[in-house]
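**Q** Supplied in structure tokens, the structure appears directly below.
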Amino acid sequence: MDNYIFGTGQFAIEVKKILEKFGFQIKGFLKLDNVKKNQLNSSNNSIPIYYADKIDLSKCNIIIAKKPMIMGDTIGFLKEKNCQNVYSVSEDILFVDHFENEDISKFFRKIDFEKPFLNYLEMNVVDQCNLNCKGCAHFSNICDNNWVSIDKFKRDLILVNEKFDLYYFRLLGGEPLLHPKLAELIRISHEVLKETKIVIVTNGLLISKLDEKTLQTIADNNVLISISLYEPTNAVLDEISFILKKYNIKFIINDDFFSQNNVIDKFQTRLSTERVNDGEFVSKNCIGRFCRFLRDGKISKCYYPLLIDILNKKYKTNYAVTDDDFIDIASVENGWQLIEKLNKKIPFCDYCSSEVYEFNWEAHHKNDNEIDGYIVRKR
Ligand code: SF4
Ligand code: SF4
């Protein structure tokens, strides 16, 4: 049976190299026809790249080597094509130094299309933050203090698990390390979502304050730490790295396994004040479209519909959220239909502009009186 790797990025190249070490022949890389850029550079392009809809994949092994956040379209495509032998590959494979004694099969998981496969979900476990960046996309510098209770957290994860096979779950905020029961959240995540990769997204500044039990729980549950590299974090990165390595905790910087440690110095928004935009077009191109967001028993295509009440409360704005902007998980009968809905435009997308407003990153903007940073400014 022919083996293909779905993906054309650095991860796909690394997976190909590893599989070839184990004697697997890879026939080619695959991409969707809406992927315009060929990201493979020529020195690595020793096998062809095919448009996936141009070949018969029904009798092939297909390994999806893409970032979990962006693999949703691929899953939908392969389901539509009735492909049976589809595998995900865990990014954990990138942390292996040498494979001599490794069972490589543990990094691959066959996707069972019987249960709706939800590639990605994120959740604020704490709303507030210790850094308070200007224009924080999750409104963490202007919100009231709030963290999810253990009961609600568990209830929501059980609901998600009943309806979906969730692949990747990110705990974030605000600053998730501010949660008083972080170790318990991790334990519950692992207990309920047994096969799901758990990731904590943090500015990292509180890692040196975590107690031994929490650090050990992170390590024991194979949680990945994704550090957002702001200037204050960069200043203590050696210390953070020392602690995480001491506990054998895997970590990445800025959600990227391959890039240099670039400090984040720009933020951007595309939120405008009126519903004046072509949401259909914008939602196909905005980066937020992948950020499927879980809050209080509901899932939305991105964080805006489920967090916008914070902005409305603070600045007396009138952003409206409709029932079509989110899905109540308990009401879901067919998980695949929900996933399809999440892939499409939601009414709230009309608030987002095709023009992106970029501004310099700044911290310590707790309770800003100006809405500046959240909405697109007329130039
Ligand atoms: S570090 Fe900044 S961007 Fe991240 S949650 Fe905190 S305030 Fe928001
Ligand atoms: S509301 Fe739509 S267009 Fe705006 S960030 Fe979310 S997904 Fe993108």
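The numbers here are math on the coordinates, done by the rules we state, and not lab data. Quantities reported herein were computed from a predicted structural model and do not represent experimental measurements. Note that we place each Cβ from the backbone using ideal geometry, even for glycine, and neighbour counts take in every protein chain shown.
**Q** Among Ile104, Ile240, what is the fewest-to-most ranking by other Cβ atoms within 10 Å? Before the final figure, lay out the partial values.
**A** Details: Ile104 15, Ile240 20.
Exposure proxy ranking, most exposed first: Ile104, Ile240.
**Q** Explain nothing, just compute: Karplus ³J(HN,Hα) = 6.51 cos²θ - 1.76 cosθ + 1.60, θ = phi - 60°, for every residue of segment 89-105 in order, whole Hz, x for Gly and Pro.
**A** These are the phi-based 3J(HN,Hα) values: 10, 6, 5, 4, 4, 6, 8, 7, 7, 9, 9, 3, 9, 8, 8, 5, 5 Hz.
**Q** To test your reading of the geometry: what angle, between 0 and 90 degrees and rounded to tens, separates the Cα axis of helix 150-163 from the longest principal axis of the chain?
**A** It works out to around 40 degrees.
**Q** What is segment 143-287 by shape, rounded, prolate or oblate, if you read a ≥ b ≥ c off the alpha carbon gyration tensor as root eigenvalues and call it rounded for a/c under 1.5, prolate for a/b larger than b/c, and oblate otherwise? Mind dumping the intermediate values first?
**A** Details: a/c = 1.78, a/b = 1.17, b/c = 1.53.
Taking the square roots of the gyration eigenvalues as a ≥ b ≥ c, segment 143-287 is oblate.
**Q** Check which residues have an amide H placed less than 5 Å from Ile253's amide H, if you skip close sequence neighbours.
**A** Here Ile227 satisfy the definition.
**Q** Work out from phi, with θ = phi - 60° and the Karplus expression 6.51 cos²θ - 1.76 cosθ + 1.60, the ³J(HN,Hα) of each residue of segment 261-271, listed in order in whole Hz, and give x for Gly and Pro.
**A** Here the 3J(HN,Hα) series is 7, 7, 6, 6, 10, 10, 10, 8, 9, 10, 6 Hz.
**Q** I've got another one for you. If we restrict to alpha carbons, what Rg and Dmax does segment 117-360 come to, in Å?
**A** Here Rg and the maximum Cα pair distance are 17.8, 52 Å.
**Q** Separate question: Counting only the backbone N, which residues of segment 317-360 are under 16 Å from the spot 7 Å out from the Cα of Ile287 toward its beta-carbon?
**A** Hits in segment 317-360 for Ile287 at 16 Å: 353-360.
**Q** If amide H atoms are built 1.01 Å from N in the plane of the peptide, which residues on other chains or at least 5 residues away come under 5 Å of the amide H of Tyr230?
**A** Ile264
**Q** Still on this structure, please answer the following. Please compute the length gained on full extension between Ile243 and Asp256, using 0.36 nm multiplied by the number of residues separating them and subtracting their Cα-Cα distance.
**A** The Ile243-Asp256 span can extend by a further 2.7 nm.
**Q** Taking the Cα centre of each part, how many Å lie between segment 282-334 and segment 118-179?
**A** Computed from Cα coordinates, the inter-centre distance equals 13 Å.
**Q** Now, a different point. Taking all pairs of different Cα atoms in segment 86-170, averaging 1/r and flipping that mean, what Kirkwood radius in angstroms comes out? Present the calculation step by step, with values, prior to reporting the outcome.
**A** Working: mean 1/r = 0.0618 Å⁻¹.
Taking the inverse mean of 1/r over all distinct Cα pairs, segment 86-170 comes out at 16.2 Å.
**Q** Using modelled amide H (1.01 Å from N, peptide plane; none on Pro or chain starts), what sits under 5 Å from the amide H of Lys197, excluding residues fewer than 5 places away?
**A** Residues meeting the amide H criterion: Tyr168, Phe169.
**Q** Now a separate question. Cross-link list Lys152/Lys344; Lys115/Lys284; Lys213/Lys313; Lys59/Lys245; Lys66/Lys316: which exceed 32 angstrom alpha carbon to alpha carbon?
**A** Lys213/Lys313; Lys59/Lys245; Lys66/Lys316
**Q** May I pose another question? Order these by the 10 Å Cβ neighbour count, fewest first: Leu178, Leu118. Don't skip to the end; give the middle numbers.
**A** Working: Leu178 19, Leu118 24.
Lowest count first: Leu178, Leu118.
**Q** Run through every distinct alpha carbon pair of segment 3-110 and return the Kirkwood hydrodynamic radius in angstroms, one decimal place.
**A** Working: mean 1/r = 0.0706 Å⁻¹.
Computed over Cα pairs of segment 3-110, the Kirkwood hydrodynamic radius comes out at 14.2 Å.
**Q** Let me ask you something else. State whether segment 268-346 is rounded, prolate or oblate according to the following rule on the C-alpha gyration tensor (a ≥ b ≥ c being the square roots of its eigenvalues): a/c under 1.5 gives rounded; otherwise a/b larger than b/c gives prolate, and the remaining case gives oblate. If you can, show how the numbers build up before the last one.
**A** On the way: a/c = 2.09, a/b = 1.33, b/c = 1.58.
Oblate shape, in that a/c is at least 1.5 and b/c is the bigger or equal ratio.
**Q** Based solely on its DSSP helices, what 222 nm [θ] is calculated for the chain when runs of n ≥ 4 H residues each add -39,500 (n - 2.57) and the sum is averaged over all residues, nearest 500 deg cm²/dmol?
**A** Details: 10 runs with 98 residues, N = 379.
Result for the chain: -7500 deg cm²/dmol, rounded to the nearest 500.
**Q** Output ³J(HN,Hα) for segment 205-211: one whole-Hz value per residue in order, computed from phi by the Karplus curve 6.51 cos²θ - 1.76 cosθ + 1.60 with θ = phi - 60°, and x for Gly and Pro.
**A** Couplings: 5, 9, 4, 6, 9, 5, 7 Hz.
**Q** Next question, about the same structure. For Cα pairs less than 8 Å apart in space and 6+ apart in sequence, what is the mean separation divided by the residue count of the chain, i.e. the relative contact order in percent? Walk me through the numbers before you get to the answer.
**A** Numbers: 673 pairs, mean separation 58.9, N = 379.
Normalised by residue count, the contact order of the chain is 16 percent.
**Q** Ranked from highest to lowest mean number of other Cβ atoms within 10 Å per residue, what is the order of the peptides 51-61, 129-139, 187-197?
**A** Values: 51-61: 14.5, 129-139: 20.8, 187-197: 16.4.
With the highest mean Cβ count within 10 Å placed first, the list reads 129-139, 187-197, 51-61.
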